[in-house]
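*Asks:* Sharing a structure, written as structure tokens. Questions coming.
The values are calculated or read from the model by the stated rules, or taken from the named source; none is laboratory data. Everything quoted here is computed from the prediction, not taken from an experiment. With ideal geometry, Cβ positions are generated from the backbone for all residues, glycine too; neighbour counts draw on all protein chains shown. In case anyone asks, the SASA skips ligands and DNA or RNA and just uses the protein heavy atoms, side chains included. Shrake-Rupley method; radii C 1.70, N 1.55, O 1.52, S 1.80 Å.
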Amino acid sequence: MRQSFAGTPVLATAQRMELLDKVSDHPANPIPTLTDDTDSVAGQPPLFGDFSMTRQFVLCFFVLVALAFGTSVAQAQSAPKTEKVMLVLDESGSMWGQINGEAKITIARRVISDLLDTLPESIELGLTAYGHREKGNCDDIETLVVPGAQPRSAIRQAIAVIKPKGKTPLSKAVVMAAEALKYEEDKATVILISDGIETCNYDPCAVGKSLEANGIDFTTHVIGFDIADDETRAQLQCLAENTGGRFLTADSAEELADALEQVSKAPPPLAVPAKIDAVFAATDGEGGPVIKSGLTWTLTDLKTGAAVVDGLAIGVLRMPVEAGAYMAVVTREDDVSAELEAEIGPNGDYSFVLPLIAELPDASISAAAEAPQGSTLPVTWTGPDEDRDFISVAETGSKGGAYINYTYTEDGSPLQLQMPPEPGTYEIRYISKGSTILASATVTVVPVDVSVSAVSEAAQGSTIPVSWVGPDEPRDYISVAETGSNGGAYINYTYTEDGNPAQLQMPPEPGTYEIRYILNQDNEILASTPITVTAVEVSVSAASEAPLGSTIPVTWTGPNESRDYISVAETGSSGGAYINYTYTEDGSPAQLQMPPEPGTYEIRYILNQDNKILASTPVTITAVEASVSAVGSAPAGSEITVTWTGPDEPRDYISVAETGSSGGAYIKYTYTEDGSPLKLTLPDAPGNYEIRYILSQDNTVLARQPITVN
């Protein structure tokens with residue numbers, strides 16, 4: 001959509017100053033955003049040549065430094081005014097290429113080091129490098145020395161240690177150097193030394209054009225170092241010339257001499273038409289705020305038909321132009337556009353405003369004027385129902401993209417929208433295209449009566465009833481938490497949907513806590529009451545010794561909460577570690593099986609919550625005698641008699657198994673509960689086997705005898 005504004009809407013002085021004030025806190029003319037693609041360039045320029053590159057590079061570099069200040073080095077020494085220049089050094093992997101047996105990076109280090117000894121103090125030189133830290137990273141750009149912020153020796157120290165490694169993001173490096181010099185506010189000069197083509201999908205020509213358009217007095221000079229192909233040469237030359245800078249190469253002694261002759265001569269003065277500063281800004285609607293990003297500008301000279309600016313992505317367009325008539329066209333990301341004919345006179349500053357006004361589709365919102373905090377409110381709406389349109393509730397006066405809760409329109413009308421957790425006045429809105437408000441209605445969120453009540457004291461780990469009053473919204477919950485902790489913190493909880501009163505388990509540690517009603521939205525604490533958790537008397541008592549694998553009675557006292565248990569575990573292990581256990585709900589004394597290995601262990605009372613050890617007693621597990629006795633050989637598949645001794649614990653068994661197999665492996669078996677002697681059937685396949693006494697716990701082999709099956 002495009003709006004046209006006839007006439008010449010030059011702002012009055014007060015209006016112009018207001019506009020400039022709006023823009024002054026923001027870089028009004030930022031460099032267009034560069035993409036971060038990292039496609040490599042196939043093929044690299046030749047690294048060797050027949051000419052004396054070292055001498056040529058030295059001369060090129062000194063000439064460009066002099067050129068950067070509009071004078072010779074000798075003249076610069078006598079100039080009292082401080083000048084700032086940023087040197088951008090190529091540290092891509094190709095800088096290891098050699099010229100006459102010497103690496104290009106070595107030549108660059110020497111030349112720059114020599115320069116530092118000759119530059120006058122009035123020249124503040126900084127250093128930016130790229131490609132020196134990572135391979136294949138187009139963001140590997142770093143300002144190593146800020147002009148004037150560090151001594152000259154810092155540059156020498158920096159170039160001595162950095163090593164070429166990576167890609168050639170020369171365009172982005174020049175942009176970062178320009179920004180470091182505040183090129184939109186002050187005169188700024190960048191000297192780029194590069195031996196290769198841009199390898200990060202940037203357009204050096206476009207970057208040069210943008211920097212020139214947005215800078216106060218910006219220039220980039222480029223030294224093409226060992227450049228062999230036309231594409232690279234053209235690319236670097238375009239970057240320099242689009243900023244009014246010079247492009248020099250060291251391809252041959254003759255070309256260098258010619259270049260030096262050109263830059264040594266002061267160019268003849270040109271008759272330059274007077275320029276008038278013009279500012280073009282777009283606002284969000286009539287009288288709305290100035291838009292600072294997401295715009296594209298075209299500015300056409302109506303007399304010549306030439307485009308002064310064509311498709312420049314920038315917030316506010318500020319540039320010097322000749323007096324005359326122009327057509328300014330601005331387009332926003334949502335394709336809303338506006339155009340304006342601007343008559344610019346011979347003198348003065350001119351500021352123009354183009355309001356961007358979008359035609360909005362019809363929409364409506366209908367809902368109750370009041371709703372309890374955190375409640376879910378039905379909202380009836382009409383609107384375009386485009387993909388990802390949504391109905392939101394937000395703070396009054398906030399931006400369209402701001403919301404507290406929302407529901408997509410694809411869920412139908414009416415839809416269910418949850419209200420904010422805090423009382424107050426809000427807006428229910430129809431939002432299109434992510435942030436455009438098509439319709440709104442005011443809603444007052446009122447507080448609700450909320451309370452929790454329970455006993456003032458309860459035993460550690462116990463479960464108590466908690467009565468509550470509250471909105472009972474989905475996933476609201478009653479929790480017990482440390483006093484003063486945030487709403488999302490809890491030790492135990494139960495959902496309000498599980499009924500009233502809620503059954504809530506107390507913490508495993510004695511102390512003072514809070515029982516809370518938590519609104520699931522934002523974990524808002526709507527009500528709370530203190531509770532003291534007291535310690536309970538807990539004990540376990542059993543024999544101090546027991547045979548391995550045996551089952552012994554354990555007498556205990558304790559809270560007997562759901563899934564509390566009595567365990568036997570290795571001494572010093574965590575509460576959740578166990579070898580065997582039995583639940584306290586099975587009564588006292590509990591029947592607990594001992595470990596299958598001799599040693600010292602602990603019998604424990606474990607509070608199921610957090611596996612907390614409430615009481616323990618040591619127990620020594622002793623070895624037991626076990627034996628098996630049978631014939632040394634017998635026919636395959638025959639039944640033999642086996643005499644045995646052992647603990648005869650439940651499900652212990654006598655087995656015949658392959659020699660060397662694990663305890664749980666067997667071919668035939670008979671439980672020891674069948675007595676001694678017992679009958680055991682041999683395998684059908686002839687071979688050497690073992691007859692074993694197996695402790696059922698962990699299938700531990702307590703005794704064995706070999707037998708041959710014929």
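*Asks:* Solvent-accessible area per residue for the range 279-434 at a 1.4 Å probe radius, Å²?
*Replies:* So the range 279-434 comes to 46 Å² accessible per residue, rounded to a whole number.
*Asks:* Another question, if that's okay. On average, how much area does the Cα convex hull of the range 555-710 cover when viewed from any direction, in nm²?
*Replies:* 10.2
*Asks:* Just to confirm the filter: which GluC sites (Glu not before Pro) across the range 514-597 are DSSP coil and have at most 11 other Cβ within 10 angstrom of their Cβ?
*Replies:* Answer in residue order: Glu537.
*Asks:* Still on this model: At 1.4 Å probe size, with every protein chain present, just tell me what the per residue accessible area of the range 599-709 comes to in Å².
*Replies:* It amounts to 46 Å² per residue over the range 599-709.
*Asks:* Considering only protein heavy atoms and a probe of 1.4 Å, how much of the accessible area of the range 542-636 is carbon and sulfur, as a whole percent?
*Replies:* On the range 542-636, the fraction of accessible area on carbon and sulfur atoms equals 45 percent.
*Asks:* Among 431-443, 109-121, how do they line up by average Cβ neighbours within 10 Å per residue, starting with the highest?
*Replies:* Per-residue mean Cβ counts within 10 Å order the peptides as 431-443, 109-121.
*Asks:* Here's a follow-up. Leaving ligands, DNA and RNA out of it, report the carbon-plus-sulfur percent of the accessible area of the range 354-427 at a 1.4 Å probe.
*Replies:* 46
*Asks:* Right, here's the next one. Once you compute Rg and the Kirkwood Rh from C-alpha atoms, what is the Rg to Rh ratio for the range 575-649?
*Replies:* Here Rg/Rh amounts to 1.21.
*Asks:* Going by a ≥ b ≥ c, the root eigenvalues of the Cα gyration tensor, does the range 121-248 fall in the rounded group (a/c under 1.5), the prolate group (a/b larger than b/c) or the oblate group?
*Replies:* oblate
*Asks:* Next up: Among the aspartates and glutamates, which fall within straight-line cross-link reach of Lys668, defined as a Cα-Cα distance under 14 Å, with same-chain neighbours fewer than 8 residues apart omitted?
*Replies:* Candidates past the 8-residue exclusion: Glu639, Asp652, Glu658, Asp684, Glu690.
*Asks:* Counting Lys and Arg as +1 and Asp and Glu as -1, what is the net charge of the other residues whose Cβ lies under 14 Å from the Cβ of Ala630?
*Replies:* +2
*Asks:* Report, in listed order, any pair from Lys182/Lys303; Lys399/Lys433; Lys84/Lys275; Lys172/Lys209 with a Cα-Cα distance greater than 23 Å.
*Replies:* Cα-Cα > 23 Å for Lys182/Lys303; Lys84/Lys275; rest within.
*Asks:* Using only Cα atoms, locate the centre of the range 592-621 and the centre of the range 388-421, then give the distance between them in Å, rounded to an integer.
*Replies:* 56
*Asks:* Scan the range 621-709 for trypsin sites (Lys or Arg not before Pro) in coil per DSSP, keeping those whose Cβ has at most 12 other Cβ atoms within 10 Å, and list them by number.
*Replies:* Qualifying residues, ordered by number: Arg651.
*Asks:* Over what distance in Å are the Cα centres of the range 461-526 and the range 143-184 separated?
*Replies:* 58
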